[in-house]
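**Student:** First the structure, which I've put down as structure tokens, then a few questions once you've had a look.
Rule-based calculations on the coordinates, nothing more; no lab input. Everything quoted here is computed from the prediction, not taken from an experiment. Cβ: placed from backbone, ideal geometry, glycine included. Neighbour counts: every protein chain shown.
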Amino acid sequence: MGNDQNEYVTDYRSITIKTTDGSTINGKVNLTSKQRVSDLFTESGSPFLIMVDAVTRDGSGKILFVNKEHIVWAEPEE
């Protein structure tokens, strides 16, 4: 059962985003190998950005699916 070839590798990067309603969200996004944070916005076919360990004014530790059309800016923490 423990086949190492099928294990999912994660590479989380911390980012902060600002949405069109003025909310600021801090969290992490998962990147594939050789992917940059900017690629999530320019090359991904998905209309949503998935954030884990997200912190909003309503709480923390959330998983959020944020519609990219509602993101004003994003800042990666490098």
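**Student:** Between Trp73 and Tyr8, with labels modelled 7 Å along Cα→Cβ, what's the label distance in nm to one decimal, could you check?
**Tutor:** For the pair Trp73/Tyr8, the computed spacing is 3.2 nm.
**Student:** Work out from phi, with θ = phi - 60° and the Karplus expression 6.51 cos²θ - 1.76 cosθ + 1.60, the ³J(HN,Hα) of each residue of the range 26-37, listed in order in whole Hz, and give x for Gly and Pro.
**Tutor:** 9, x, 10, 10, 9, 10, 7, 4, 6, 9, 10, 4
**Student:** Any chance you could run the full-extension gain for Ser33 through Asp53? It's 0.36 nm times the residue separation minus the Cα-Cα distance, nm to one decimal.
**Tutor:** Net length gain for the segment: 5.1 nm.
**Student:** Counting alpha carbon pairs within less than 8 Å and at least 6 residues apart, what relative contact order, in whole percent, applies to the chain?
**Tutor:** Value for the chain: 34 percent.
**Student:** While we're here: How fast does the chain diffuse by Stokes-Einstein, in µm²/s, taking the Kirkwood radius from C-alpha pairs at 20 °C and 1.002 mPa s?
**Tutor:** 160
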